[in-house]
Amino acid sequence: MGWALSINKADISDAKLVKAEPQPLADGQARFAIRRFALTANNITYAAFGAAMRYWDFYPAEDGSGRLPVWGFADVVETRAAGLEVGERVYGYWPAADEVVLSVDAVKPGSFLEVSPHRAELAGAYNRYVRCKSDPGYAPEREAAQMVLQPLFITSFLIDLHLRDHDFMGAGQVTLTSASSKTALALAHLLHANPPEGVKIEALTSERNTGFVKATGYYDVISTYDEITGFKPEPRRLVVDFAGDSKVNTAIHETLADNLIGNIRVGGAHWENSAPPGAMPGPKPVFFFAPDHVRDRMKAWGGEEFGRRYGAAWMGFVEAGQKLFTEEEFDGGDGALKAYDALIAGNFDASAAMTVKAG
């Protein structure tokens, strides 16, 4: 009997462990023992937007509860899928559990696709799995960095491209909410590495995280949430919102109104206040859904060129990212629940990279 993390879709702070019966294999399927996965604010975004963005649909549960998607590593332990070998390591998008059965197709030396009918209409970026033995970027000693940082880095990579393509919409300052979050820091790293001319990068963070944010050296300006009402019209700001906090959004919009250039909503780190704030002065927030941008970039560049550019950017960040964070590993289902509860409560160190040893 295995385990899975079960989330109440109506109240994502309500989580528990449930027993999971092993699923028999059909032709074309393989069983994966999930070995390690990461838990970050990115996963809280998955839960907060689970219904709206269909994150719950990847691993539906018979009891109607939510199975939290996570990024990590698993081993093939049984297979009826041609081309996969028992014992090989795979990186991808799993449920927070100790095992899963996937329907496998399009097996290539470096990857395969999950092709269950219920996933056919979901974002394709989440249905591709990487076979580690053929991945030139894989190294066992970098597994923690990969599963903690890479899933969110691609979002930051795409936002960086989007901002530059649109010349930062004419803003004089780009403000990153939840600036200590790993996705925000990855974007700040990219902006710091190639500074946009005439544009300052502002961290908007809590008082307790100002020291950590400042120590990264990525931000030109550091502001706290209680300083929002004192924001001046100049320089005109473009907000990239990783917090998804309705109170923070309302304060920014009411303070700056039409002096706000735009508001790009990315995440829901502040999940407890993530309800839409309703009508606000100034520009309407626009949601940034990374899989759509992956699709568009791959169409424009081709898969090989996209992979080359993304890979180069990732390798430039992974070393820096490893120095920013300290891995904190939790064991088994009880550990996964403890880490999830800490994220939900906001009771964790911004410099911590939480991973779970699933089994």
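The values are calculated or read from the model by the stated rules, or taken from the named source; none is laboratory data. Keep in mind that what you see is a predicted model, and the values were worked out from it rather than measured. Note that each Cβ is placed from the backbone with ideal geometry, even for glycine, and that neighbours are counted across all protein chains shown. The accessibility values were calculated without ligands, DNA or RNA, using every heavy atom of the protein model including side chains. Shrake-Rupley method; radii C 1.70, N 1.55, O 1.52, S 1.80 Å.
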Can you find, within region 192-207, the residue that is farthest from TYR218 (Cα to Cα) among those that are open to solvent by 70 Å² or more (accessible area, probe 1.4 Å) and not in a loop (DSSP other than H, G, I, E, B)? GLU207
If I filter region 1-53 down to residues being free of Cβ contacts under 8 Å to residues at least 12 places away in the same chain and hydrophobic (A, V, I, L, M, F, W, C), which single residue comes out as farthest from ARG80 (Cα to Cα)? ALA10
Just name the residue that is modelled with the lowest pLDDT out of those in region 339-359 that are in a strand (DSSP E or B) and open to solvent by less than 60 Å² (accessible area, probe 1.4 Å). ALA352
Taking region 80-123 as the search range and keeping residues that are assigned to a helix (DSSP H, G or I) and either open to solvent by 50 Å² or more (accessible area, probe 1.4 Å) or touching a Pro at 6+ places or on another chain (Cβ under 6 Å) (or both), which one is farthest from ILE44 (Cα to Cα)? PRO117
Does region 318-329 contain at least one residue that is surrounded by fewer than 19 Cβ atoms within 10 Å (Cβ to Cβ) and modelled with pLDDT of 90 or more? yes
Qualifying position, being free of Cβ contacts under 8 Å to residues at least 40 places away in the same chain, open to solvent by 10 Å² or more (accessible area, probe 1.4 Å), basic (Lys, Arg) and not in a helix (DSSP H, G or I), among LYS214, LYS232: LYS232
Being surrounded by 18 or more Cβ atoms within 10 Å (Cβ to Cβ) and small (Gly, Ala, Ser) is the filter; apply it to region 285-317 and report the residue that is farthest from LEU190 (Cα to Cα). ALA290
Could you check, for region 144-151, whether at least one of its residues is in a loop (DSSP other than H, G, I, E, B) and within 22 Å of the chain's Cα centre (by Cα)? no
Can you tell me which residue is farthest from PRO136 (Cα to Cα) among those in region 65-79 that are surrounded by fewer than 20 Cβ atoms within 10 Å (Cβ to Cβ) and of a type in the set (D, E, K, R)? GLU78
Could you please find all residues in region 1-42 being open to solvent by 60 Å² or more (accessible area, probe 1.4 Å) and aromatic (Phe, Trp, Tyr)? none
Does region 70-77 contain any residue that is more than 16 Å from ASN127 (Cα to Cα) and either in contact with a Gly (Cβ under 6 Å, 6 or more places away or on another chain) or among the β-branched types (Val, Ile, Thr) (or both)? yes
Filter region 139-155 for residues that are open to solvent by less than 40 Å² (accessible area, probe 1.4 Å) and under 16 Å from GLN322 (Cβ atoms) and give the result. ALA139, GLU143, ALA144, ALA145, GLN146, MET147, VAL148, LEU149, GLN150, PRO151, LEU152, PHE153
Apart from one, (1) closer than 19 Å to ALA82 by Cα; (2) touching an Asp or Glu at 6+ places or on another chain (Cβ under 9 Å); (3) hydroxyl-bearing (Ser, Thr, Tyr) all hold for SER134; the odd one out is (2)
Six or more apart or on different chains, Cβ under 9 Å: which pairs go from a residue in region 304-320 that's β-branched (Val, Ile, Thr) to one that's open to solvent by 50 Å² or more (accessible area, probe 1.4 Å)? Could you list them? VAL318/ARG142
When region 179-191 is checked residue by residue, the ones that are touching a strand residue (DSSP E or B) at 6+ places or on another chain (Cβ under 7 Å) and either surrounded by fewer than 23 Cβ atoms within 10 Å (Cβ to Cβ) or part of a loop (DSSP other than H, G, I, E, B) (or both) are ALA179, SER180
Out of region 5-39, which residues are more than 20 Å from the chain's Cα centre (by Cα) and either hydroxyl-bearing (Ser, Thr, Tyr) or assigned to a strand (DSSP E or B) (or both)? LYS16, LEU17, VAL18, LYS19, ALA20, GLN29, ALA30, ARG31, PHE32, ALA33
